[in-house]
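Contents: one structure, followed by commentary.
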Amino acid sequence: MVATAQTALFALPEPPTVAPTARSGKRRTVLSYGLGADSTAILLKFLADPVAYGLEPDLSDLIVVHAVTGDEWSDSLSFVDLVLPLLADRKVRTVQVARGGRRDSDGILILDDTRTPWHIWAAGPWRLSDELRAAGTVPQMANGRRTCSIRSKGWVLDAWAAFEFGTTPFRRVIGYHAGERPRAEKDTGIQAQINADAGRIVCEPYYPLIETDGMDRAAVEAYVYAQLGERIRKSYCAQCPFSASCASRDRHEERLRKYPETGAAVLMMEYASQALNEKVALYGERSLYQQLAEDERNDEVLTRFERELDDAPFALYEVRRLYLPGRTKDCRTWHGKRCTEPRWWCRTKRSTTCRREHQAAYELASGEQVDTAPWCDGEEEACRGEQVKGPAWRSVRTVWEGSRSEADLTLMQWGREAGAQLRSGQKSMIKRAHYLDAEDGYPSAAAYLVAAPAGIEDKQRTAKKPGAGFEAKWTAVTGLVGTKWAPIRPLVVPKRERTTGPVPVRYLRKQQRASDVELLA
């Protein structure tokens with residue numbers, strides 16, 4: 001499907017530095033349409049009384065933009081069928097855009113740009129779930145930041161806006177309701193900093209549900225129901241780690257029961273993630289599987305998952321981890337901002353006694369004593385401070401492929417032959433053959449063999465500088481060379497992730513759109 005869609009692309013020229021507007025001197029308004037209740041309510045209000053929200057009566061200065069993630073619920077997509085005819089009737093420009101691929105250098109793909117919208121795309125050439133399955137992980141919660149939304153929505157919308165408007169300011173509408181004022185204030189601060197860094201107004205944020213209407217979530221849902229006659233469901237990805245806040249547990253599980261194929265797909269993703277790392281389940285260390293197993297009404301979802309897991313092609317993965325020391329406050333003090341080899345024992349600056357006893361100074365020809373470094377080797381207990389955990393490096397290599405039953409037998413056989421300890425995860429119960437366990441302190445290392453669904457990409461840190469990649473560090477820490485079992489394919493070094501300059505922008509060819517709707521849906 002992806003290959004067919006990609007052949008239907010062509011590069012566009014550089015974006016104009018000045019974007020035309022419907023009325024001379026007036027800024028365009030861009031509504032980020034997330035398919036949920038808040039943005040739907042705003043859109044309905046714009047259609048009902050555009051002038052009250054600073055728009056032209058004919059809505060010629062409004063652009064509705066939807067970032068296609070590829071992982072929306074089916075009922076969220078179908079609900080929009082009630083809204084699209086209203087947009088088409090008023091000839092509101094509607095744009096649907098998605099990432100062109102996993103890497104930023106793949107740019108963005110404009111799936112549709114029309115004033116007569118009739119269809120919401122289910123997916124573009126890249127889905128967040130595809131990347132997660134290939135990486136063998138689930139969405140991560142980093143200090144409460146919705147990093148997935150930033151990557152699959154925010155980055156896409158920003159890239160489209162840069163292409164569309166160039167240096168011309170515009171007004172950006174976000175659907176935060178009155179109960180989300182802190183989120184709106186945070187967003188305003190971020191945009192103010194972006195404007196300051198650019199030395200101009202890139203865009204002005206506007207939150208009509210807060211600033212104009214003062215509507216909370218309950219009022220928003222009631223308004224949408226009154227206008228369209230149907231209850232709208234929360235818009236979020238099925239694998240969202242914030243699903244406990246996106247909807248109540250009961251409502252989320254009800255949705256999974258309604259779409260058991262979706263629930264099974266998320267459970268499969270979580271299983272692969274926990275196989276590679278016991279601690280990385282959908283909700284941190286608590287898994288979706290554990291949660292669903294607590295209610296017998298979810299048995300159909302769990303049964304479907306188990307059946308699909310049995311039928312899925314499997315692989316054996318050799319997983320190796322390095323736990324490296326981190327930089328302490330003292331390390332930063334004595335070694336500066338950059339230190340490639342953190343010395344966790346650097347508790348204090350070297351004293352005269354330290355210099356004399358550790359002989360870490362040498363004499364110049366002039367007789368002057370010069371320190372070789374502002375730290376000692378940490379040989380004495382008194383010299384050592386507390387260790388700090390640093391980065392963890394992971395290597396994943398595929399060493400065998402076959403059926404699930406064959407994978408389990410091969411895992412036990414190879415584990416016995418290697419003298420590895422066969423242990424089950426405390427929560428996942430996934431079996432692993434451990435041949436190296438991490439020790440206390442840093443650096444340390446661990447390694448095991450595990451069976452999981454096939455398709456997880458081989459990956460480990462590589463570097464052009466000698467001694468800086470995973471293999472060199474692995475040997476330095478463990479004394480071992482390479483993997484214990486031979487990988488079945490060479491390691492592929494990933495292409496450049498980021499792009500410099502304008503983000504590449506492409507359109508689907510108009511004559512291809514009808515067929516590609518079926519291909520990418």
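The values are calculated or read from the model by the stated rules, or taken from the named source; none is laboratory data. Quick caveat, the model's predicted, so the values are computed rather than measured. Because the Cβ atoms are built from the backbone with ideal geometry, glycine has one as well, and the counts that use them run over all protein chains shown. Protein only, heavy atoms only, side chains kept; ligands, DNA and RNA dropped before computing areas. Shrake-Rupley method; radii C 1.70, N 1.55, O 1.52, S 1.80 Å.
Odds and ends about this structure:
- Dipole magnitude of the stretch 76-149, debye to nearest 20 (Cβ charges: Lys/Arg +1, Asp/Glu -1, about Cα centre): 200 debye
- Orientation-averaged projected area, Cα convex hull of the stretch 239-333 (nm²): 8.6 nm²
- Positive-end residue, the stretch 91-164 charge dipole about Cα centroid, Cβ charges, pick of Ala98, Pro139, Gly154: Pro139
- Loop-located GluC sites (Glu not before Pro) in the stretch 278-334 (DSSP state other than H, G, I, E, B) with a sparse environment of at most 12 neighbouring Cβ atoms within 10 Å: Glu285, Glu294.
- The stretch 210-267 - Rg over Rh from alpha carbon coordinates, Kirkwood radius: 1.07
- Here is the list for the stretch 191-272: GluC sites (Glu not before Pro) lying in DSSP coil, each with at most 13 other C-beta atoms within 10 angstrom of its C-beta, are Glu230.
- Assigned charges on the beta-carbon of Lys, Arg, Asp, Glu; the stretch 23-70 dipole about Cα centre (debye): 180 debye
- Solvent exposure of the stretch 400-484 as accessible area per residue, Å², 1.4 Å probe: 58 Å²
- Sites Arg338 and Val492, calculated FRET efficiency, Cβ-Cβ separation with R0 30 Å, nearest 0.05: 0.50
- Net charge contributed by nearby residues that have their C-beta within less than 9 Å of Val450 (K/R +1, D/E -1): +1
- Span from the the stretch 148-215 Cα centroid across to the the stretch 278-341 one, whole angstrom: 33 Å
- Principal axes of the stretch 391-487: Cα extent on each, largest first, Å: 42, 29, 26
- Spin-label pair Val51/Asp250, simplified geometry with 7 Å Cα→Cβ offset, distance in nm: 4.6 nm
- Inter-part distance where the stretch 464-484 and the stretch 86-129 are each reduced to a Cα centre, Å: 44 Å
- Rounded accessible area of Val173 (nearest 10 Å², 1.4 Å probe): 0 Å²
- Global geometry of the stretch 47-205, whether rounded, prolate or oblate, following the gyration tensor of its Cα atoms and the 1.5 cut on a/c: oblate
- Share antiparallel - DSSP beta bridges, the stretch 35-155, percent rounded to 5: 60 percent
- In Å², nearest 10: area of Thr212 left accessible to a 1.4 Å probe: 70 Å²
- Shape category assigned to the stretch 436-482 from the gyration tensor of Cα positions, a/c cut at 1.5: oblate
- Evaluated at q = 0.15, 0.17 Å⁻¹: base-10 log I(q)/I(0), Debye formula over Cα of the stretch 90-183: -0.78, -0.97
- In Å², nearest 10: area of Lys495 left accessible to a 1.4 Å probe: 150 Å²
- Dimensions (Å) - the stretch 174-326, Cα atoms, principal axes, largest first: 54, 52, 23
- Counted charge near Asp310, where neighbours are those whose Cβ lies closer than 14 Å (Asp, Glu -1; Lys, Arg +1): -2
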